[in-house]
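Student: For reference, the structure I am asking about is given below.
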Amino acid sequence: MPVSKSSSTPNKLGRRSFLFLSGAALVTGLSSFTPPALAQSVYLRRSVVAGVPLYQTVIDLSDPHTFLAIGLANNPNLGNPYGTNGDESFGQMVARYHAAFVTSGTFFSLDAERRIMGNLVSGGEFLRYSPNENYGTTLGIRAGNRPELITARVDGRPSWHQHWFSITGGPRLLRNGRVWLAPRTEGFRDPRIFGVAARSAIGFPASGKKLILVTFLRELSLSQEARVMRAIGCSEAMNLDGGSSSALAYQGRILMQPGRELTNVIVAYDARHPAPRFLRDSWFRFQAGDRPG
């Protein structure tokens with residue numbers, strides 16, 4: 001994420017932040033991924049892995065133009081410190097954010113309040129925060145774009161204040177390259193979680209230099225989902241919202257339309273689809289020491 005000449009922060013900071021991220025060689029284990037002739041930091045392909053058809057999106061965290069954010073319903077600025085605001089059609093979100101990639105995010109209630117089930121951090125700011133949250137698994141991105149996966153009831157509560165980007169979902173699928181499934185321990189009780197269902201997932205290889213998001217094109221179990229995520233090269237992975245919430249858009253084109261309106265989405269920007277100025281500026285402030293308050 002981002003060295004930008006248009007930022008008011010000196011470029012020296014950006015270069016220092018990325019010294020350890022130099023080089024963008026493809027991670028061992030992603031042999032099924034074939035990059036285009038011109039490298040892109042956000043790249044999607046459709047494939048079949050272990051007999052399961054899917055869309056696989058690779059996001060290069062070492063590219064200075066890559067930015068991740070969480071978009072909220074009815075929120076034009078990708079940031080809303082006062083909480084969520086109902087739901088909205090996926091098409092309206094895609095049209096508003098002008099991003100390289102947009103997909104469904106985390107779980108939310110289907111009552112009138114449309115409550116999001118998990119803490120959210122985007123652009124170094126809390127969108128939703130409960131200090132006592134003790135549920136599911138959290139994907140967080142720390143300074144220097146280092147991803148981590150924390151399962152609260154096993155690893156302790158995540159350090160949300162150290163996250164530039166953070167989303168809580170689950171159940172966890174992989175830990176240290178091995179299938180790891182303990183949904184009841186994580187606090188999941190909904191029977192739809194345990195059966196065969198439409199699913200999506202997010203993970204990263206051991207190097208931590210890429211995020212891999214997968215939208216599955218047929219229903220499958222958690223154990224099948226975990227094995228596929230391992231087969232495409234992930235060392236750590238967790239389940240995201242799926243079912244009727246499954247949604248995917250790439251370069252403005254909707255590839256999977258959800259069956260309901262959504263409250264939150266994951267958004268990724270690249271060089272061809274640049275992030276808003278305020279998001280880039282907040283990234284530099286975060287690298288300099290600003291933290292969610």
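Student: So between Val179 and Asn134, what do we pick up on full extension, going 0.36 nm a residue minus the alpha carbon distance? List each step's numbers first, then the result.
Tutor: Details: separation 45, 0.36 × 45 = 16.20 nm, distance 2.18 nm.
Stretched out fully, the Val179 to Asn134 stretch lengthens by 14.0 nm.
Student: What does the charge count around Arg178 come to, taking other residues whose C-beta lies under 15 Å from its C-beta (Lys +1, Arg +1, Asp -1, Glu -1)? All intermediate terms of the calculation are to be shown ahead of the outcome.
Tutor: Details: positive: Arg172, Arg175, Arg227, Arg230; negative: Glu225, Glu236.
That sum, taken over residues with Cβ under 15 Å, equals +2.
Student: What distance in nm separates the two pseudo spin-label positions at Arg189 and Ile254, each 7 Å out from Cα along the beta-carbon direction?
Tutor: It works out to 3.4 nm between the two label points.
Student: Another one. Using a/c under 1.5 as the rounded threshold, could you call the stretch 91-228 rounded, prolate or oblate? The axes a ≥ b ≥ c are square roots of the C-alpha gyration tensor eigenvalues, and prolate needs a/b larger than b/c, oblate otherwise.
Tutor: Details: a/c = 1.17, a/b = 1.09, b/c = 1.07.
Here the stretch 91-228 falls in the rounded category.
Student: With every protein chain left in place, what is the accessible area per residue of the stretch 150-293 in square angstrom, probe 1.4 Å?
Tutor: Numbers: 5520 Å² over 144 residues.
Heavy-atom SASA per residue in the stretch 150-293 reads 38 Å².
Student: Separation of the stretch 188-247 and the stretch 105-153 by C-alpha centroid, Å?
Tutor: Answer, in whole Å: 17.
Student: Let me ask something else. Give the average over all directions of the projected area of the C-alpha convex hull of the stretch 130-174, one decimal, in nm². Don't skip to the end; give the middle numbers.
Tutor: On the way: hull surface 12.2 nm².
Its average projected convex-hull area is 3.0 nm².
Student: Share of the stretch 230-277's accessible area from carbon and sulfur, percent, 1.4 Å?
Tutor: 43 percent
Student: Given axes a ≥ b ≥ c from the Cα gyration tensor, I'd like to know whether the stretch 191-293 is rounded (a/c under 1.5), prolate (a/b larger than b/c) or oblate. Before the final figure, lay out the partial values.
Tutor: Values: a/c = 2.03, a/b = 1.51, b/c = 1.34.
Prolate.
The values are calculated or read from the model by the stated rules, or taken from the named source; none is laboratory data. This structure is a prediction, so every number in the text was calculated from the model and none was measured. Here Cβ is always computed from backbone atoms with ideal geometry, including for glycine, and neighbour counts include all displayed protein chains. Ligands, DNA and RNA are excluded from the accessible area calculation, which covers all protein heavy atoms including side chains. Shrake-Rupley method; radii C 1.70, N 1.55, O 1.52, S 1.80 Å.
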